[in-house]
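Quick notes on the structure that follows.
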Amino acid sequence: VQLQACGGGLVQAGGSLRLSCAASGSIFGINEMEWYRQAPGTERELVASISSGGSTNYADYVKGRFTISGDIANNTVYLQMNSLKPEDTAMYYCKFSGGAWYYYWGQGTLVTVSS
């Protein structure tokens, strides 16, 4: 089973993108879905997460601009990104987690925001 992320691209500052991530097959036991990002020369960082109960969490720098949504039962997660800034430029990765040692990573989708 693989996670396939898509929706990245080149957008001007202030624009919007919607990322999607879906599993190629059925994955069981997932209780959290997350989006991470990694810019060149930096560590991968958590952007947003959603739990099986629907609780969401966001990094401070995306609050009010990004919205995570998803369906754990159908193994899909989305990230709506509005009011994009050049500093949002990064490779974005999705991750499905069922515990500390049970998780899947997507291959990444590149988001480039021009000023």
* Structure fact -> Expected vector for the stretch 74-79, Karplus 3J(HN,Hα) from phi with 6.51, -1.76, 1.60 and θ = phi - 60°, integer Hz, x for Gly and Pro, equals 9, 6, 10, 9, 10, 9
* Radius of gyration and Dmax for the chain's Cα atoms, expressed in Å? -> 13.4, 41
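Kindly identify the stretch 9-68 as rounded, prolate or oblate by the Cα gyration tensor criterion: order the square roots of the eigenvalues as a ≥ b ≥ c, call it rounded if a/c is under 1.5, otherwise compare a/b with b/c, prolate if a/b is larger, else oblate.
Prolate shape, in that a/c is at least 1.5 and a/b is the bigger ratio.
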* To do: For the stretch 54-115, run through the trypsin sites (Lys or Arg not before Pro) and keep only the ones in DSSP coil with at most 15 other Cβ atoms within 10 Å of their Cβ.
  => Lys63, Arg65
* Asked: To the nearest 10 square angstrom, what accessible area does Tyr93 show with a 1.4 Å probe?
  -> 40 Å²
* Asked: What order do Trp35, Trp105 take when sorted by accessible area (1.4 Å probe), most exposed first?
  -> Trp105, Trp35
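Quick check for me: using +1 on Lys/Arg Cβ and -1 on Asp/Glu Cβ, what's the dipole size of the stretch 1-109 about its Cα centre, in debye to the nearest 20?
That gives a dipole near 160 debye.
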* Structure fact -> Quick note, the stretch 55-110: a/c under 1.5 would make it rounded; otherwise a/b > b/c is prolate and the rest oblate (a ≥ b ≥ c, C-alpha gyration tensor); here it is prolate
* For the stretch 1-80, what relative contact order do you get, as a whole percent, if you take Cα pairs closer than 8 Å and at least 6 residues apart? -> 29 percent
* Structure fact -> Residue-normalised value, i.e. accessible area per residue, for the chain at 1.4 Å probe, in Å², stands at 52 Å²
* Positive-end residue of Gln2, Trp105, Ser115, charge dipole of the chain with Cβ unit charges -> Ser115
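The values are calculated or read from the model by the stated rules, or taken from the named source; none is laboratory data. Everything quoted here is computed from the prediction, not taken from an experiment. Heads up, the Cβs are rebuilt from the backbone with ideal geometry, glycines too, and the neighbour counts pull from every protein chain shown. In case anyone asks, the SASA skips ligands and DNA or RNA and just uses the protein heavy atoms, side chains included. Shrake-Rupley method; radii C 1.70, N 1.55, O 1.52, S 1.80 Å.
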